[in-house]
Structures are given as C-alpha cells and as structure tokens.
Amino acid sequence: MKALTLLSAAAVLLALPAAAQTETPRRGGVLNWAIAAEPPTYDCHATGTFAVMQRVAPHYSTLMKFEPGNYPNIVGDLAESWTVSPDSLTYTFKLRPNVKFHDGSVLTSADLKATYDRIINPPDGVISNRQSSFVKVASVETPDPQTVVFKMKEVDASMMTNFASPWNCVYSAAKLKQDPNFPAKNVMGTGPFKFVEHVAGSHWRGERFEDYFRKGHPYLDGFRAVTMSSSAMTNALAGRQVDAEFRGFSPTERDRIVRALGKDAKVQESSWLLHMIVTFNTEKKPFDDPRVRRALSLAIDRWGGSASLSKISSLGVPGGLVRPGSEWSASPKEMEQWPGYGRDMAANRAEARRLLKEAGQENLTLTLMDRNIAPYVTAGIFVIDQWRQIGVKAEHQQVELASWYSLQNSGQFEAFIDSFTQFSDDPSNVLYKYASYDRSPVAVHRATDRELDALFDEQARTADKAKRIALVRRFEKRLFEQAYSVPLLWWQRIVVMNDRVQGWTMSPTHMIYQDLGDVWLAEK
Amino acid sequence: MLRYLTKRILLMIPTLLGVAVLTFFMLRVVPGDIVELKLRGDGGTVTQEVIDRERTRLGLDKPLVIQFADWMKGLATFDFGTSMWTGRPVAEEISIRIGLTLQVAVMAAIISVLIALPLGTISALFRDTWIDYVVRVVTIAGLAVPSFWLGMLMIMGLLTYFHWSPPVTYTPFLTDPLANMSQLIWPALAVGYRYSAVVARMVRSSIIEVMKEDYIRTARAKGVFERLVVGRHAMRNALLPAITVVGLEFAFLIGGLVVTEQVFNLNGIGRLFVEAVSRNDFIIVQTLVLLIAVMFTVVNLLVDLLYGVLDPRIRFA
Amino acid sequence: MTAIDQNAGAPTVARRRQPNPVLAFIRFQPLGAAGLLVILIMAAAAIFADVIAPYDPEAIDFMAMLTAPSWEHPFGTDAFGRDIMTRIIYGARTALTIGFVSSFVGCSLGAIIGVSSAYFGGRVDLTIQRFIDILLSYPIIVLALVVVAVVGRQPIAGIDINLILAIAIPIIPRVARVVRSAALAIRAMPYVDAARAGGYSDAHIIFRHLLPNVLAPYLIMLTAYVAQAILLEASLSFLGLGVSEPKPAWGLMLSGDSSNFYQEAPWMIIFPGVAISLTVFAFNLFGDSLRDWLDPKFKT
C-alpha cells in the first residue's frame, strides 16, 4: 500500500514537468515569421493593408480589442473599464494606470484624445483612412488623465466595434505635437514589443518591451518578420527557415508544408472575412440592364464551384454580403432563394439564357478585368468557364494592382473580379461595399440606389440585433435583384505554422490578434 | 587615345540624357499611379479627397515638364528623390540591395568562366568530332533552359532530397561567409550556367583562331595527350577574349537577375525593379533604369578599350 | 551576344556549289538539321493544334483535377482538370506566334533602319545612331518590362500586341547596329555608286541592292531572336505580365501558385519547362549552324 502511494507520487512528479512544458508558456526565443508585401507607411491610421497591420500591431495598443479565443466579444486593451449611457450617445472609458510608452513616458487620456482627433479630423498632410467610421462622433473629452469620453451626434450601432478596431493604434500626444506625421516613419507605442529595425525588402525586427503593461508578457525576446513572395513562403516554412505565416495559405500550400514538416506542422482553419465579388460597370451598355447582370450572376454555379475550388485555392463557401457562419449571416436555406444560389443549375442557366434573350444579348462578349495573382486568377478562370456555358464569351484581362485600381476608378471596365475585407463582421463595415457609388468610395459598380442607402442607414442606427439582422436580409434581397456587384465565393483562411509556435489565436480576419503578446516558442 | 576616350565619354552624356527623357515620359503614359494602391492596400475605404491630397503631396499633379526638371535638378546634386511607396530616399533603397545583386552577378560570371573555359577548349580541340557536338549541345542547352525554371527545379530538388531550403534573409559575406554562400550559390549557379554558353562559344572560336597561328602549328601534335598540352597554351590566349565577353555580358547578367531574384526571393535590385514597376513607383523605376544604363555604358566603354589594348589592329578613330 | 553579332555582319552571302543545299546542310550541320526538325514539329503542332490536341485547352473539368499522366492524359492535368498536353500544343501556337512575329517585326524594322542609316550617312546616320545608343543602354528585359507597363494588358483581337511590341522594340537597335555595319561595306562598292549615277531612286537602291546583301546577317539574327523572344515571352508570362489565363502559354503554366503542386503534380512543372527549353534549344542549334553555314568568316 505504502509502495503504491510512493509510486503514484512519483508518477505525479514525473508527469508534472511534462505537463508544465505544454501548458506553461516558456519565456525567450525569437519568432521568425513570413509576410508578403512591403509596407507603404508605418502609420496604421493611413492605410488598409495587412502589410502594415501585421508588422506594427506588436508595437501598439488600442483602446478596446477583440477577446482572444472569443471572437467577436470585445474587451478592454488600454481601457480598464467602460460605460455606455442608456441613450447610446456617451461612451466613457477608464484607462489602465501606469501604462508606459517605449520611450518611458506614461500614457494618459491626452494621448487617446490626440490619437482619435488625428483619425476624426486629420491635420494637413495626415492621411486618415477610417475617418468615415467616426463621423457620428461629436467630441472627445478628457475630464481627467485616466478618463476619455466620446460624445455622439447620433446613435451608431457599430461604435464598440470601431473602438476595438486594430487600425486605431494609440500614438503619443507629445510626438504628434512635434510632428503630426511622426507615426508614418517612426514606430513608438505602448505595445508588447519595441521597434528595432526595418530593412526594406528584407525584414522587420522587434524586441521585448520590459515595461509592457500586461505583467509577464510578452514571452518572446523578440520577433523578426521576413518579407518574401508568397511562393517563397511555402518553401521557407517547409525548409524551417521561418516558423509561421499569419495571413493564410491555399489548401495545396498547406498540404505541401504539412508533408514537409510532418508532425511539427500545425494547421488552423476558419472562414475568412474576405470575399470575392463580380462587379459590373452599370454605366456601360449592356450592363446598365439588370436582366443582363442577373443573368451573368445566375450562370455561376457557386455550390459546385466551391466544392472544387476550395480544394485548390483559398476560395471557400458561397455566402451573402456578410460572412457565412457569422451572427449576421443568412442560412443556406435562405441563400438558396437568391438568384444564382439555387441548387438546380440547369434551371438557373436556362433562366439566364432567357434573360439574355429578353435583353437582346444572346451573343454577349465582354472583357473581365482581374488581378494577376492567385486566387483572383482562379476565380477569373472559373467565372469565364461558367459564362461560356450560357454562350457568353469573356476575354480575361489580368492587370497589376495599381492599374486595377486606376481602371476601376476611371470606369474603364465592363466587369471585374473584386474582393473586400474588413476587420469585423459588423454590417455597417461590410454592407458599405454595396452602397451607392456617391455614398461609398469602395462601391465601384458606379450605380446609385437610394433604396439600398436607406436600408443601410436604417440598420446603422438600429441597436436591436434581431431587427438589424432583418434589415441586412432586406438589403441583400434588394442587392441580388439589382446585381450591381454580386458575391462570388467567400475565402477560407488556412494558417499553417510550426508547432513550436504557441499561444497565437486564430480568427476570421488576418487583421486582429497580431500583437504577439501571448505567443511563445516551445522547446524543440 | 586620350582624344578617343574624351570623345567617348562626351558621347555618353547625350545618350544617358536620352535614356532619362525616354524613361521618364514613357512611365508617365502608364495608366494610373501609386496613390490609390498605397492608401487602399487590400481593402481600405479612403475617400477621393484624401487620394487627391496625397497626389498633391507626391507632386504628381504638377505638369510633367516641371516634374522632369525637378528630377534633373536633383540628379545634378546627387539627390535621386524618395520612393513614392516607402518615402525613403531612393539612394538608400538601392544601396541596401545592390550588394547582393552585384555579388550574385560576380559569382555567376565566375561560374560561367569556370564552366566555359574547359568546355570551350575541349570543343575547339576536338572540333567537328562527336566530343565537340556533345559539349556544344550541353552549353547551348544552358542558353535554352529558362533560369527561372532551373531555379524552381533546384529549390524543389533541395526540398525533396535534403528537406532543406536556402536561408531567406541576406547575410553579408564578411559577416558569415557560410550563410551568405548557402543563400546565394544557387541563383549564381542558375544564372551562371546560362551565361557559360555565351562564353564557351567565344572561347571555342578564339582558340580555333589561336591554333592557326604558327607557334601553335609547329607544336601541334597528333595524339590526344599532346592536344591537351597544346590546349593549355591556347587556353591562356583565349582567356582574355573570354573575360571580355563576360564583361560585355555583365549588364545582361544584371538583367537576367530580374527574373531569377523572384524565384529565389532575393532582396536585390532586380526584385526592387519588378516591384516598383508593378506599383508604378516611377521615382524608383526611372532611377534604376538610369543606373543600369550608366553601368551598361561604362562597361561597354571599358570593354572597347580592352579590345584596343588586346588587339592593336583596332584603330581608335 | 553583341560582340558575336557584330562579327556576323559579313557583307557577302556564301555561295556553295552543292547539288542540293538542303542535303548539304544536313550533311555538314547535323546539329542544325536536328534543330530544324524540332522546329518543324513544333510548328506543325502549332498550326494543326485544333486537329491534334485531344481536349479543349480552356475547358475546366473538375472531375479530372490533378490527374497523373495516363493514356487519357499523356502529360497529366492541372488544378482545373485541363489537359496539359493540349495546353502545351496550343502553347506552341502562342510561343511561336509571339516569338516569330516579334522577332520578324524587330529584325525587319532594325534592318530597314540600319540600312537607311548606312545609306544616307551624314546627319541622318548620326541622329539614328544616337537613338540606337539610347535604346541599347537598356537591358532587354528591363526595356520589355517598361514597355509592358506602358502599353497595358488589353489584347487586341485575341493577339497580345502589347507583348509583341515589348519584345520587338528591344530587338530593333541591336539588329540595326549589326545591319548598319554590314551595309556600310556594301555602300562602298562601286556598283552602288553606279546605280546612283544611273538615276535610280534611293528606295530602289536600298531595296534592290543593299537589303538583299544584308540578308545573311538578317536571317541569322531572325532565328537567334525568335529563340530570345520565346524565352522573353515565357519570362514575362512567368512574372504575370505576359499572356493572360486561361489562354495557354508555357511560361504562364509555370507562374503563380503552380509551383505549389510540385509534389502531388510534378508534371505541371516539368512539361512546360521542357517545352520552352526544347524549342529555344532547337532555334539556337539551328541559328548557330545557320551562322556557320552562311558566314564564311566563322567557317574556318
């Protein structure tokens, strides 16, 4: 009996260190990860590209943030506590005490005010990319150094999401006073890592900030983000030159890396807040005719295409204007009612041909503009093949991103493969893409539809969730009838990393959870 | 000689000016500019007003002639401007990358000579025999295989058979020669093999030429062993023309790296060039083109001078 | 290549007293003949692609995604289930059309400019030479990339005019320079002066006397630049700046994410690369032999 107790005690002792190794984060080590594309600026207020976000996120904090492991729940980052007035017109935030910037200065409410003023009313020469998200803010007030108060002009149901946006990096008021464009060329925040260097075209380095406000974090000594082309990334991960990539791989890339790394590979998958769109130029004949647009949308076999394309590309499931699977999304049953989402493709194609005939466009030929990278090319090849099956001939025009933007803006296109991504599922964030051309700079279909705009505005001020969802459904219904721009497929996010990378959180967007404050490297 | 040199150097000025004018105005015909791409990235929601403001800040709304004059004024004071993408000085963007590109180019040149000298010599010594044919097929094949494809096969081979891939960041040779070499030897091989074909052809014909000369003819023997002995003498004489070809091809080699750097993910000026073209970062593109043109013209001049030294029959006129 | 091309500008066409020039070429230039044979096979594939190719090159077949080589698909299929052999056969059409047309345009314009420059001499020659100097200061691929960016990507009537321009323009100055030096030698010949004294027009003299005599270097360069043009088209397509999907082109088949399939579908990488190499190789072999054959200076 005694022997047995001793034995079990030994077993427990033996088991403990092993358990500790997998459970308790280990301190130390430098994480090498891959990232495509060079950042055009260091200022997260001024841009929308992940190339900036993923690099600077470890250096900054935001007022609120999405809770790791519990997306889309919102928790405080710099904010310790907060209250929202019953009329939803006043937001009051209490800041954490003793938060330090990398230069040693202490964060106060003045820094928050300077940051948000810069976003809401950018001074001359400063670019603010998300000014439109804060148009309903009347004022930012600082009653004391630990309190920030936002007063609203009218109710905005998306406000908490906007406060949690990863794009609203908090800058130092003192630095902004010296030079409003300080953050464009310098990196200085309150995040878990201090900026070390950026060698253009090569890498970006950060090291642990010892005075980070979350005690014990970060675990890593530092990180190195290595710039590389997406094809080189697969090789680098397979060859163990880097340990992670945080945007996402295609299924074939995943399989390649997993085959090379064996059991050291860790794969995390999710739906992605990013979708492919077919947009028509409603100012050009015959795309000014809703019948033609609807026919072209009807001809696309989204369910069939998804089943095959999801095996070879980042394209995933069919969905509406909001991410399928999110709290705002329609169910597959509801989707099947939309034109182009019905399961009977023979019937869809017959209807498409009928519509074209009715519009006098049986021998329609068109040019489909597209980008020249995967999976845009994949989507283009697929759509052209689908249209061919209703007798529509399309020429594929693949262009560089810069000309792609310029051709859309000048209206020199007939149809093109577009995409849209956001940091959250909030309907105002995503439906914006489909509003009228004069209302939204990203609505590139060049159409004006006041009915859509009215629905957009109504959902934006509706705080009741069920009512808001119903409004989103009505918005979608109207859009599919008119088909100025129609969703093609939503992307799937597949993140592959070496198993020694621990503590990173997967989510449906590659813009959040990138501060690396909880990430650690297991011993190998 | 001095007069010839002065004349050649003076001629370079209008040529380079022409390159500057042509490049500058060709680029401005390109539809679109960098601004939208820079502000919107992959999904920003920026307004037209912000776009216009940035366009003004970058000076893209000024008349073309003024923009060109600004560029020329800068060049005169060795100020090449700033990248429209990163906002860093162009000189800095180029200087952090040019070391790598030059190193790969030099290594590729050395590799091509190392391959070409023996092969070209053998080919000449056994001219019109099956040995000659085999060697020529091997070298001409080098010219035919796209170096990007060769590069892809190399990376895949390394990954499949050694479960290893070359390092992803550049380490200067002096810091860590091993790390440096294990990254750069592969592109140098892929490009060098390709250029060995050109050099081998030159070596072959100049050895054939040398072999006709009297002292070789008297030493000419009939056996294979003696032929090789003769070959050593001839090879020495063929070395200079071979190096000349390498020099002449050097600028092409830099051009060849444009594609190869993509495959091997090298942070060199070739990749910078392709990326700048795709982003419409005109400032970078025009400066790089001018830089390459300067290198090319200078190398051409040096090669011509070298010819003159080697072959007194060439008159400087 | 510049050094060698300049040597190639010999002023006379070799005249061989052989009963049958084709047989003689095969006998004295076996490698060149082999190259020619490959070229002819490729050309036949390109011309009769519609008849030979077993499938539609652009039709997606999801049931046949990434099939290994078999009797049904001798070279396997790609990620869209498209037959690779079919796409290589049609790719020959793309490669040879773009290769030949751009080399022809570039060499012809180059020859005309070179000959005119030599014939008129003086200020015209000087001006043209300066322009040629300017264009020669760009490495080929650099100039091609800039031209592609300028012209854009819109194919006209299904033909990639932009690509042809991008490839042809860098060829012009290179050919013009070689042809000029060849033409200068002929211009010094007494019969040119005689023709001029006889009151013939400039155009007559250029087209009847000068151009025929620079035919040898012209033909040599034409074949050499077809090879270059095919490689350049492949490189541009590989960079995503050339031919657009779903049109079949060899360089395009290697671009983008196709390298990700190398383990499960190595045939996607191997066959297009072999097709490019083989064709360029054949043109180089043939071009080299043609040079030896037509240019007595290299036939020691």
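The values are calculated or read from the model by the stated rules, or taken from the named source; none is laboratory data. This structure is a prediction, so every number in the text was calculated from the model and none was measured. Note that each Cβ is placed from the backbone with ideal geometry, even for glycine, and that neighbours are counted across all protein chains shown. Calculation scope for accessible area: heavy atoms of the full protein, side chains included, ligands and nucleic acids excluded. Shrake-Rupley method; radii C 1.70, N 1.55, O 1.52, S 1.80 Å.
Out of C:SER237, C:SER258, one residue alone is among the polar types (S, T, N, Q), more than 7 Å from every other protein chain (Cβ to nearest Cβ) and farther than 24 Å from C:GLY106 by Cβ. It is C:SER258. Residues in segment A:66-77: is at least one within 19 Å of A:PHE195 (Cβ to Cβ) and within 14 Å of chain B (Cβ to nearest Cβ)? The answer is no, given that none of the residues of segment A:66-77 is within 19 Å of A:PHE195 (Cβ to Cβ) and within 14 Å of chain B (Cβ to nearest Cβ). Quick one: in segment A:388-406, of everything that is surrounded by fewer than 22 Cβ atoms within 10 Å (Cβ to Cβ) and in a helix (DSSP H, G or I), which residue is farthest from the other protein chains (Cβ to nearest Cβ)? Filtering first and then ranking leaves A:ARG388.
Residue-wise test of (1) surrounded by 13 or more Cβ atoms within 10 Å (Cβ to Cβ); (2) within 26 Å of A:ASP464 (Cα to Cα); (3) not charged (D, E, K, R).
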site: A:LEU89; (1), (2), (3): yes, yes, yes
site: A:ASP103; (1), (2), (3): no, no, no
site: A:THR115; (1), (2), (3): yes, no, yes
site: A:ARG130; (1), (2), (3): yes, yes, no
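Could you tell me whether any residue of segment B:247-258 is assigned to a helix (DSSP H, G or I), open to solvent by 50 Å² or more (accessible area, probe 1.4 Å) and at pLDDT below 75? No: segment B:247-258 contains no residue that is assigned to a helix (DSSP H, G or I), open to solvent by 50 Å² or more (accessible area, probe 1.4 Å) and at pLDDT below 75.
Contact map, segment B:161-188: residues that are more than 16 Å from B:THR260 (Cα to Cα) paired with residues that are of a type in the set (Val, Ile, Thr) and part of a loop (DSSP other than H, G, I, E, B), Cβ distance under 7 Å, separation 6+ or inter-chain. Pairs shown: B:ALA179/B:THR171; B:ASN180/B:THR171.
Residues checked against (1) over 17 Å from A:PRO180 (Cβ atoms); (2) more than 14 Å from chain B (Cβ to nearest Cβ); (3) out of contact with any strand residue (DSSP E or B) (no Cβ under 7 Å at 6 or more places or on another chain):
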residue: A:SER105; (1), (2), (3): yes, yes, yes
residue: A:ALA114; (1), (2), (3): no, yes, yes
residue: A:VAL135; (1), (2), (3): yes, no, yes
residue: A:SER139; (1), (2), (3): yes, yes, no
residue: A:ASP144; (1), (2), (3): yes, yes, yes
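In the list A:GLU283, A:GLU245, A:GLU269, which residue meets the criterion of being surrounded by 24 or more Cβ atoms within 10 Å (Cβ to Cβ) and either touching a residue at least 24 places away in the same chain (Cβ under 8 Å) or aromatic (Phe, Trp, Tyr) (or both)? Going through A:GLU283, A:GLU245, A:GLU269 in turn, the sole match is A:GLU245. None of B:THR23, B:THR77, B:THR82 is more than 12 Å from chain A (Cβ to nearest Cβ), polar (S, T, N, Q), surrounded by 14 or more Cβ atoms within 10 Å (Cβ to Cβ) and within 25 Å of B:ILE269 (Cα to Cα) except B:THR23.
Every condition in (1) more than 27 Å from A:ARG473 (Cβ to Cβ); (2) open to solvent by less than 20 Å² (accessible area, probe 1.4 Å) is met by A:SER306 except one, and the failing one is (1).
Among the residues that make up segment C:253-260, is at least one of them of a type in the set (S, T, N, Q) and within 21 Å of B:VAL191 (Cβ to Cβ)?
Residues of segment C:253-260 of a type in the set (S, T, N, Q): C:255, C:258-260.
The next check asks that each one be within 21 Å of B:VAL191 (Cβ to Cβ); those that pass are C:255, C:259.
Yes.
Go through segment B:106-132 residue by residue and tally those that are outside any helix (DSSP H, G or I) and not β-branched (Val, Ile, Thr). Even if it seems obvious, please write down each step before you answer.
We begin by selecting, within segment B:106-132, every residue outside any helix (DSSP H, G or I); these are B:126-129.
Retained after the next criterion (residues that are not β-branched (Val, Ile, Thr)): B:126-128.
Here the count works out to 3.
Count, please, the residues in segment B:151-180 that happen to be touching a Leu at 6+ places or on another chain (Cβ under 8 Å) and open to solvent by less than 40 Å² (accessible area, probe 1.4 Å). Before the answer, list the steps.
Of all residues in segment B:151-180, those touching a Leu at 6+ places or on another chain (Cβ under 8 Å) come to B:152, B:154, B:164-166, B:170.
Filter again for open to solvent by less than 40 Å² (accessible area, probe 1.4 Å), leaving B:152, B:165-166.
The qualifying residues number 3.
Among all positions in segment A:73-83, there is no residue which is in contact (Cβ under 8 Å) with a residue 24 or more places away in the chain, in contact with a strand residue (DSSP E or B) (Cβ under 8 Å, 6 or more places away or on another chain) and open to solvent by 40 Å² or more (accessible area, probe 1.4 Å).
Given (1) open to solvent by 30 Å² or more (accessible area, probe 1.4 Å); (2) of a type outside the set (Val, Ile, Thr); (3) over 20 Å from A:TYR42 (Cβ atoms); (4) not in a loop (DSSP other than H, G, I, E, B), where does A:GLU197 come up short, assuming only one miss? Result: A:GLU197 passes all but (3).
For segment C:246-265, how many residues are among the acidic types (Asp, Glu) and either buried (at least 24 other Cβ atoms within 10 Å of the Cβ) or closer than 19 Å to C:HIS73 by Cβ (or both)?
Total satisfying the criteria: 1.
State whether one or more residues within segment C:153-170 are within 14 Å of chain B (Cβ to nearest Cβ), open to solvent by 40 Å² or more (accessible area, probe 1.4 Å) and not in a helix (DSSP H, G or I). Looking for residues that are within 14 Å of chain B (Cβ to nearest Cβ), open to solvent by 40 Å² or more (accessible area, probe 1.4 Å) and not in a helix (DSSP H, G or I), one finds at least one in segment C:153-170, hence yes.
Test A:GLY189 against the stated conditions and say whether it is more than 14 Å from every other protein chain (Cβ to nearest Cβ) and in contact with a Cys (Cβ under 8 Å, 6 or more places away or on another chain).
In short, yes.
Listed by position, the helices (runs of 4 or more DSSP H) enclosed by segment B:1-105 that each have at least 2 residues that are modelled with pLDDT of 80 or more and within 23 Å of the chain's Cα centre (by Cα) are B:2-29.
Could you list, in sequence order, the residues of segment C:80-94 that are of a type outside the set (A, V, I, L, M, F, W, C), over 24 Å from the mean Cα position of the chain (by Cα) and at negative phi?
Scanning segment C:80-94 gives C:ARG82, C:ASP83.
Taken together, C:VAL101, C:VAL147 contain a single residue that is part of a helix (DSSP H, G or I), β-branched (Val, Ile, Thr), within 14 Å of chain B (Cβ to nearest Cβ) and crowded, with 17+ Cβ neighbours inside 10 Å, which is C:VAL147.
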